[in-house]
1. I'm told B:LEU425 meets every condition in (1) in a loop (DSSP other than H, G, I, E, B); (2) of a type in the set (A, V, I, L, M); (3) within 18 Å of the chain's Cα centre (by Cα) except one. Can you identify the failing condition by its number?
2. Can you tell me which of B:LYS160, B:LYS131, B:LYS111, B:LYS126 is within 22 Å of B:PRO51 (Cα to Cα) and basic (Lys, Arg)?
3. Where residues in segment A:559-582 are part of a helix (DSSP H, G or I) and among the acidic types (Asp, Glu), which of them is nearest to the other protein chains (Cβ to nearest Cβ)?
4. Any idea which residue in segment B:301-318 is nearest to B:ASP400 (Cα to Cα), counting only those that are assigned to a loop (DSSP other than H, G, I, E, B) and more than 7 Å from chain A (Cβ to nearest Cβ)?
5. Output the residues belonging to segment B:448-475 that are crowded, with 22+ Cβ neighbours inside 10 Å and not in a strand (DSSP E or B).
6. Is it the case that A:MET645 is under 24 Å from B:TYR578 (Cα atoms), in contact with a strand residue (DSSP E or B) (Cβ under 8 Å, 6 or more places away or on another chain) and either in contact (Cβ under 8 Å) with a residue 24 or more places away in the chain or facing another protein chain (nearest Cβ under 7 Å) (or both)?
7. Can you tell me which residue is farthest from B:THR310 (Cα to Cα) among those in segment B:510-547 that are within 27 Å of the chain's Cα centre (by Cα) and among the hydroxyl-bearing types (Ser, Thr, Tyr)?
Protein chains: 2
Amino acid sequence: MTVNNGYLKVVPLENISLKGGLLGNKNRLVRKEVIPYLWKALNNQLPGTDPSNAIENIRIAAGEAEGEFIGMVFQDSDVAKWLEAVSYQLTTNPDQELERLADSVIALIEKAQQPDGYLNTYYIIKEPDKKWTNLAECHELYCAGHMMEAAVAYYQATGKRKLLDVMLSFADLIAEKFGTEENKINGYPGHQEIELALIKLYRITEDEKYRDLAKYFIDQRGKKPSYFKLEWEARGWTSHWPDQDKISELDYFQAHKPVQQQNAATGHAVRAMYMYSGMADLALETGDEILIQACQRLWDNVTRKKMYITGGIGSSGHLESFTVDYDLPNDTAYAETCAAIGLVFFAQRMFHLQPGAEYIDIMERALYNGVLSGISEDGQKFFYVNPLEVLPEVCENRNDHKHVKPTRQKWFGCACCPPNIARLLASIGEYIYSYNEESIYVNLYTESTVDVRIKGEDITIKQETDYPWKGKVNLKIVTNKEVEFTLVLRIPGWCRKAELEVNGGQIDISDLEDNGYIYIDKNWGNGDQVNLKISMPVEKVYSNPQIRENIGKVAIQRGPVVYCLEEADNGSNLASIYLPVDTELKPEFRDDFLGGVTTISGKAVKIDKDNWSTDLYSTENYQYRSIKITAVPYFAWNNRKNGEMLVWLNKMD
Amino acid sequence: MTVNNGYLKVVPLENISLKGGLLGNKNRLVRKEVIPYLWKALNNQLPGTDPSNAIENIRIAAGEAEGEFIGMVFQDSDVAKWLEAVSYQLTTNPDQELERLADSVIALIEKAQQPDGYLNTYYIIKEPDKKWTNLAECHELYCAGHMMEAAVAYYQATGKRKLLDVMLSFADLIAEKFGTEENKINGYPGHQEIELALIKLYRITEDEKYRDLAKYFIDQRGKKPSYFKLEWEARGWTSHWPDQDKISELDYFQAHKPVQQQNAATGHAVRAMYMYSGMADLALETGDEILIQACQRLWDNVTRKKMYITGGIGSSGHLESFTVDYDLPNDTAYAETCAAIGLVFFAQRMFHLQPGAEYIDIMERALYNGVLSGISEDGQKFFYVNPLEVLPEVCENRNDHKHVKPTRQKWFGCACCPPNIARLLASIGEYIYSYNEESIYVNLYTESTVDVRIKGEDITIKQETDYPWKGKVNLKIVTNKEVEFTLVLRIPGWCRKAELEVNGGQIDISDLEDNGYIYIDKNWGNGDQVNLKISMPVEKVYSNPQIRENIGKVAIQRGPVVYCLEEADNGSNLASIYLPVDTELKPEFRDDFLGGVTTISGKAVKIDKDNWSTDLYSTENYQYRSIKITAVPYFAWNNRKNGEMLVWLNKMD
């Protein structure tokens, strides 16, 4: 753990142990179910789904098989994300068989690599003479970035350098090919990703070339004349996706102006998140204030004008993109799982740049809602799109809802989300704590143990909690020697009342709080205990009146968890239910339900449909009848039978 | 006026005179502004619009010019509808110059006609060897139908047979080519229209061949194997619209099953309306009960499950189509002007089959709202799509709103609506009255005079009223001789209280009312007067709770006119306005405003945006402030500056 400057750092995964709790269970689910399931998918072994062919593509490129490239132009990235998820799991849970499997894939990758370092199975197999001719659409640098991330993770997990060396050699090739010089390609990726991967290479190698290459990609972006248009012209105006003219809309790629001048989130939401994360990563290395300010403006725009209550972002199915401020339709919401994952990445980096509760509040919102919703209880079905309102009949019959699947899917033709959620949950330990030279920050509350070295001493903190279902947290210090450091505890933004005890003595947190965190500076000794009690009532949440779809509506939230109604518990016609704003809503933890969740129940009213004629319109107002509703965590929806789902309920004042 | 059976009949246009009033004014607008404007459009004389080229296409086909066919495959139909509108105007308002212009067009059409009777400029110019090979997509029979309607109208208006003879000869060719026999084409039109046109030819010629050809097209439709698929295969699976696979979805064409077995409105809404109208026309000639029952089922499905409060139908921009029951989004509503026009056609025919108020209630709803909304106050700008909620920024930036124009348009690449609204409003007189051997029905209230021959006597009825702005109607009988007949007056479905006086004596209408009409059977003498007073308070209208977009909302209606809020009168953020259900709303007729309309004003509340933080979500409920709202007739919106518009307001119970 090297500390380069004053910014907060990630606690590496090897220092984290997760036991149970919601996040620990999801992490275990990835290990036990998702990684083997993804392996089947990558090897065309999922019945009833389109073949991924991702592994076979590598085999073909390596000369070990014959055949055609099948899949998306970025199919390699699915393998990279799988390897990255495997690496994180191997870090904390060694598994020789899994490691052998990964080694075999890495051996293939090494074999597929071209003598000059180039690596991309689509181009190697299909268009070997078209390399680097379509940066805008064809994801070569994106795939490279994902494989670099996998290489770093695998090296950190196993100490094995093979994949790292492969990717360093590819990175060297890219550094040779790309740059502002006349004899180089002056371009940058259509889908950002390599920027943050290069920072990882830099951190692990301390070779500034990689940081500088990341900086080149970030700084070159959006310069005029547009590289994407120049290469398009050079290609003779051909497109890889002829149905979609993306290139004439540069804001789709966040390439409409230099990143330092961007004020609003535009275009493809995942690209945006990866770019902003890369910008923040670069700033973490350079301290570039201009970049930090741009990150903050973009953060503000996303989280104050373009984010669902679930942390979902990118509301439009068309080009998977952001639209205008406050345009957050619930039924046609895209809110791609990968975009929420990207928001988690961005949030963590922003927090490390300038610690403050807002970043982790958003990170937690995205994680417990818009990310976890992407994976089923059994880890074998997924949502790519995460709407906040589903009426299956409408999804199935309306063209403008065709991206909204009312049922979790076994796989996707574009399968970016399943391995992305796997790599995030496999590395979730890294999001719990942060540290610097004299402090350890507890960002997320979840059953876990962390080892950190502060002021030369090895300290362990054991965290016990049933969060997010209960608000009690116990932290116990294990150390050989007393050490003075600051234990920094997050008070979630949704929390209105928190109580703190240190070694049994009540502490007034108002004196210790700054920007959503409480700073406990003390000589910590072995056995010291901190108890935090975060009040976690059921909350009724209202929406900014500029979000027109939510006017007159209310959502249910408890702690960081957003709730929804499902038809399975509440019958059909959920849209005709009204929640009185003064109704009492009761939480109940149910160990045996949906993998163990807290449900919320209470009285509501429903429009009495039977009282209405067969007319479409009438001067008679509705009549209502009393009903009981039961809400389940949004992330857990559609784990039973198919049916309607609704987050924003009509409110009755 | 021949009476073939017991069904009600249209009173021909030559027997109607319109003076002023809303409908009379719109009729005059068509004469003074729209017909000349359309002529410019058809001749490529509208600056800043795509050239229609429709007249030039005919000139080229006639050998009078050289050049390429330009425009839609159905471009001829725009000329046909213009000629039809011209004919209706010439019937009531002779105009030698206009008639000469029409004659010149007809002379061109005659010249363009092929020796065998064929007529379609697209095929004549562009694909002369591909005639009748793509009935599904290429509108030959549709264009033929429109030109037949024009021919009948022009003959009735002027007595000139040239266009009629041209179209009878084409109809004869079609009758030769099409049929169930093996040596004939067993197909039917992709876009219905010719069916009702052929009934018009039959009525004017009394030649059963045309009725039978209409019956063939109706009966053949939807038989298995599908003709559309067979011809598609025969063409080698080529498509005229390669981007849209329509042919594999036969319900788009209402060709998924025989029409007699259809229960639900499907597919393209205009096609559906024209087909149902053709079915009803055929039933009016044959008394076919099975067909009448099918018409009634389809009517019920449309008007009880798939119709906006404006009478707009076909909610989906994708393929301009119906979707599922109760799926009526306001902001993405398609509700094509032509579809509302088609609903007017269908309603009139259903009423003639089986008189009852529901048909004319719907006809009136469509006419005063979803149809009139399609044309601007100056007659030179149009809406093709008629949404019930518009936020310009969203329309301009969201792909799933791209069909929704927030501004009335000067012209369209597919320009079906402007000439369609012209022909309807030019013939609006035909919708006011109906008659049979012993009765005259007054369906629409508007300033007008009608001449009818009943029991051998010529009777004139003079109607004076300020409807739809006022509910008082005065009817005066002019006759040389007392005649016993039944004067049948509609009591609109929205009316809760009506008072009737005959020659000054109050009559209890409850004794006379049947199915929404009051039947006044009497020896009517010259100077007899009937005064009807229809109570017309401002109504708050609620929506069937199965229409989820309208739950918790209220619309304002007065008489048949649906109202909306515009930004011009009410500021922005219309979606944050609440209408208390007990608020008093006051009508005020304003002669100088929007061409003379009644506006409606009252107190409402608006969410106080200034009281909200910059957060997107909060546990603080809204605060409201009192405002005054002013609503304008929906049809009159966007005649001032651009801005938001909203029909369904939040209601506050």
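1. Here B:LEU425 clears every test but (1).
2. B:LYS126
3. This residue is A:GLU567.
4. B:GLY317
5. Across segment B:448-475, the qualifying residues are B:TYR467, B:PRO468, B:GLY471.
6. In short, no.
7. Result: B:TYR517.
Conditions (1) of a type in the set (D, E, K, R); (2) crowded, with 22+ Cβ neighbours inside 10 Å; (3) not assigned by TED's automatic domain parsing to the domain that holds A:VAL561, marked per residue:
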residue	(1), (2), (3)
A:LYS9	yes, no, yes
A:TRP39	no, no, yes
A:ALA54	no, yes, yes
A:GLN75	no, yes, yes
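The values are calculated or read from the model by the stated rules, or taken from the named source; none is laboratory data. From a predicted model like this one, the values you see are computed outputs, not experimental measurements. Reconstructed Cβ throughout: ideal geometry from the backbone, glycine too, with neighbour counts over all protein chains shown.
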